[in-house]
Amino acid sequence: MENRVCKILGIEYPVVQGAMAWTSMAPLVGAVSEAGGLGVLGCGFMPGPVIAGQIEAIRSITEKPFACNIFLDPGPQLEINCSTLEKIPVPAVYLDTLNLLDYEMASRIYERMHKTGAKVVAKVNCLQDGLVAEKAGADVIIAKGVEGGGHKARISGRVLLAELVENISSVPILASGGIYTARQVAGLFVAGAEGFEMGTAFMTSAECPTHPNVKAKVLSAIDDDVVSCGESTGEPSWQIRNALAEKLIEIEANHPRAEAAKLLMEASAGSLAKASRDGEVENEGAVLAGQVCGLIHEIKTCRELIAGLCTEAEAILQKPHTIGF
Ligand SMILES: Cc1cc2nc3c(=O)[nH]c(=O)nc-3n(C[C@H](O)[C@H](O)[C@H](O)COP(=O)(O)O)c2cc1C
């Protein structure tokens, strides 16, 4: 399945492991890259020295290309990420934003990162951001749909992929959000994607260092167990239903927006670490995962997720009658 995305990023399969704060740590990033995909360090909120230590750990696992996440939002953390990656250049950077992408900021940061020799992977949530990312000089663009894990995007993955493919040709587009089966991957390639990103699936992989209770929670969840929390903060995220999620939903239902946002921040402070580090997934921990949970029922290795899916999807594409036409 080697294509334009593989050539640009120097990888074997056009598969990106989505950045996951404090979850896509060195063991997962190294395993994904070693298996031929692009591992991405979830360092959007990490202090510089921790990022440096993680990069060293990744390099002890693999010599293949990997990326580091930069959260493209004005503030001190953006400078921490950029200056760290200027001091320790890496093969690729993976930039996401929750707000509309600002052209001036995007082109300035992309240029800074290009000067280090890094390829720029831009993850976008809407057509306008895709067009800005292309104009600002992104090397590849990931179209993240509403069903994807972590912070909730706004537009359907199917619609956004089609919009970007129809409007952007100079930069390859990767699909993201809700992806787990070979049939899906085959369909996405037919729809114009030149690669795909998975987050939740990699979180459940054998090599991901997140707490086993988090993986068990994903494996046992059905689609309807994944609920949207934090709409009033303007940065909602998908979480698996538990006591914390119920509490957040209850706060939103019973308080005016501004007050709810404040109470939500207090109730969820440190909740991601409580789940992913301590394994507390029933009461105070937040289990961030996408709607794709309903499809994931077993733990696979990164190699199975990457080479397995691509090989199977390729076979489906070579025998179109198996798709059901
Ligand atoms: C636990 C978790 C944490 C995440 N953290 C981040 C993050 O820090 N930065 C980011 O750009 N995306 C983050 N995401 C989103 C992923 O990078 C990816 O876009 C998404 O998971 C893809 O959708 P899927 O989960 O349906 O495969 C996170 C996702 C999960 C599940």
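The values are calculated or read from the model by the stated rules, or taken from the named source; none is laboratory data. Note that the coordinates shown come from a computational prediction; the quantities given were computed from them, not determined experimentally. So basically every Cβ, Gly included, is an ideal-geometry build from the backbone, and we count neighbours across all protein chains shown.
Before moving on, here are some points about what is shown:
- Within the range 99-124, the residues that satisfy the criterion of being in contact with a strand residue (DSSP E or B) (Cβ under 6 Å, 6 or more places away or on another chain) and not β-branched (Val, Ile, Thr) are Tyr110, Met113, Ala118, Lys119, Ala122, Lys123.
- Output for the range 136-183, where each listed residue is free of Cβ contacts under 8 Å to residues at least 24 places away in the same chain and either surrounded by 24 or more Cβ atoms within 10 Å (Cβ to Cβ) or within 16 Å of the ligand (Cβ to nearest atom) (or both): Ser156, Gly157, Val159
- 1 or more residues surrounded by 15 or more Cβ atoms within 10 Å (Cβ to Cβ) and within 12 Å of the ligand (Cβ to nearest atom): qualifying helices (runs of 4 or more DSSP H) within the range 1-113: 26-34, 76-87
- Here Thr116 does not qualify as among the hydroxyl-bearing types (Ser, Thr, Tyr) and under 19 Å from Gly230 (Cβ atoms).
- Among the conditions (1) surrounded by fewer than 16 Cβ atoms within 10 Å (Cβ to Cβ); (2) at pLDDT 95 or above; (3) over 19 Å from the mean Cα position of the chain (by Cα), Thr301 misses just one, which is (3).
- In the range 214-234, the residues that are touching a residue at least 40 places away in the same chain (Cβ under 8 Å), buried (at least 16 other Cβ atoms within 10 Å of the Cβ) and assigned to a helix (DSSP H, G or I): Val214, Lys215, Lys217, Val218, Asp225
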